[in-house]
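Have a look at the structure below, then the notes.
The values are calculated or read from the model by the stated rules, or taken from the named source; none is laboratory data. Since we're looking at a predicted model, the values are computed, not measured. Positions of Cβ are backbone-derived with ideal geometry, glycine not excepted, and every protein chain shown enters the neighbour counts.
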């Protein structure tokens with residue numbers, strides 16, 4: 001079983017608008033509602049690829065109820081902790097389509113992300129209790145930032161509580177949230193280019209440079225390191241010291257970047273369950289990420305398979 005934890009899930013309310021005018025009344029062209037949150041995204045794509053997964057985390061109020069129902073529609077099991085007297089957040093994403101001077105359609109995305117509910121210590125204790133159900137050989141994905149009331153060492157605390165179990169822990173976060181977990185030897189971490197540059201205070205201009213800094217993270221404890229490089233593809237340094245480079249596929253028709261990194265993690269984990277081969281796992285990860293960029297929400301199995309066929 002693959003478990004994911006999303007500390008601050010949301011409903012993403014996506015509005016398409018033509019020729020958006022700030023400060024005026026605008027009419028939407030299309031509207032969509034999706035469940036949001038990095039761990040939730042991972043679980044949905046995992047289920048799409050046939051993997052059993054349970055989405056955990058915190059929800060509140062009528063928005064939280066809608067989040068849970070939306071996640072369950074994708075066949076994902078849920079085990080959320082319900083916060084009293086509050087509401088989960090609603091994030092608004094405005095997709096603008098404007099006619100440029102040359103007649104081409106120019107697209108721009110504006111996002112307004114809400115803060116989310118306060119999570120106090122009693123709810124964190126409930127989470128720690130739930131973690132006891134995770135068994136040896138299971139996988140736990142910790143991803144995203146943390147909301148009000150949660151300290152920056154929460155991922156470290158979770159790793160510490162589980163260190164005596166043979167659990168594969170995946171960490172997809174930034175800064176101290178990530179770095180504090182490395183001494184517990186997480187199975188996989190996935191910084192993107194910007195996050196890697198921020199950690200080391202450098203600029204990365206090639207896949208080889210990304211692998212150099214992936215080695216430093218591995219030396220600090222990470223078993224496997226994926227670095228996603230956007231239009232420059234992705235690299236993997238595996239637990240045996242072997243490195244793999246993957247070029248980016250054509251993303252000129254990309255309509256969405258939200259969830260691409262989460263899809264990469266899901267694809268990698270699903271690929272490793274299927275093939276037990278790191279190169280094929282990275283291929284599956286890149287395919288899932290690419291397919292998501294060509295989808296309004298998250299990649300479908302069919303779109304992932306279409307992208308995978310381009311590797312053959």
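Quick check, is residue 190 closer than 13 Å to residue 171 by Cβ and over 21 Å from the mean Cα position of the chain (by Cα)?
no
Pairs under 9 Å by beta carbon, first residue on the phi > 0 side of the Ramachandran plot in the stretch 158-177, partner outside any helix (DSSP H, G or I) and at pLDDT below 95, six or more apart or different chains?
Filtered contacts from the stretch 158-177: 175/152.
Return the residues of the stretch 106-130 that are free of Cβ contacts under 8 Å to residues at least 60 places away in the same chain, part of a helix (DSSP H, G or I) and in contact with a strand residue (DSSP E or B) (Cβ under 8 Å, 6 or more places away or on another chain); say none if nothing qualifies.
126
Which pairs turn up if I take residues in the stretch 254-266 that are on the phi > 0 side of the Ramachandran plot and in contact (Cβ under 8 Å) with a residue 40 or more places away in the chain and look for partners that are part of a loop (DSSP other than H, G, I, E, B) and surrounded by fewer than 24 Cβ atoms within 10 Å (Cβ to Cβ) with beta carbon separation below 9 Å, at least 6 apart in sequence or on another chain?
Pairs found: 259/295; 259/297.
For the stretch 3-60, which positions are at positive phi and part of a strand (DSSP E or B)? Give the derivation first.
Of the residues in the stretch 3-60, the ones at positive phi are 19, 23, 37, 50, 57.
Selection gives 57 alone.
Look at the stretch 210-239 and say how many of its residues are more than 19 Å from residue 287 (Cβ to Cβ) and in contact (Cβ under 8 Å) with a residue 12 or more places away in the chain.
Here is the first cut: in the stretch 210-239, the residues more than 19 Å from residue 287 (Cβ to Cβ) are 210-223, 225, 237, 239.
With the extra rule that they be in contact (Cβ under 8 Å) with a residue 12 or more places away in the chain, the set shrinks to 210-211, 213-218, 220-223, 225, 237, 239.
Final tally of qualifying residues: 15.
With buried (at least 22 other Cβ atoms within 10 Å of the Cβ), over 30 Å from residue 274 (Cα atoms) and modelled with pLDDT under 95 as the only criterion, which of 116, 64, 149, 103 stands out?
On the way: 64 fails: modelled with pLDDT under 95; 149 fails: buried (at least 22 other Cβ atoms within 10 Å of the Cβ); 103 fails: buried (at least 22 other Cβ atoms within 10 Å of the Cβ).
Checking each option against the conditions leaves just 116.
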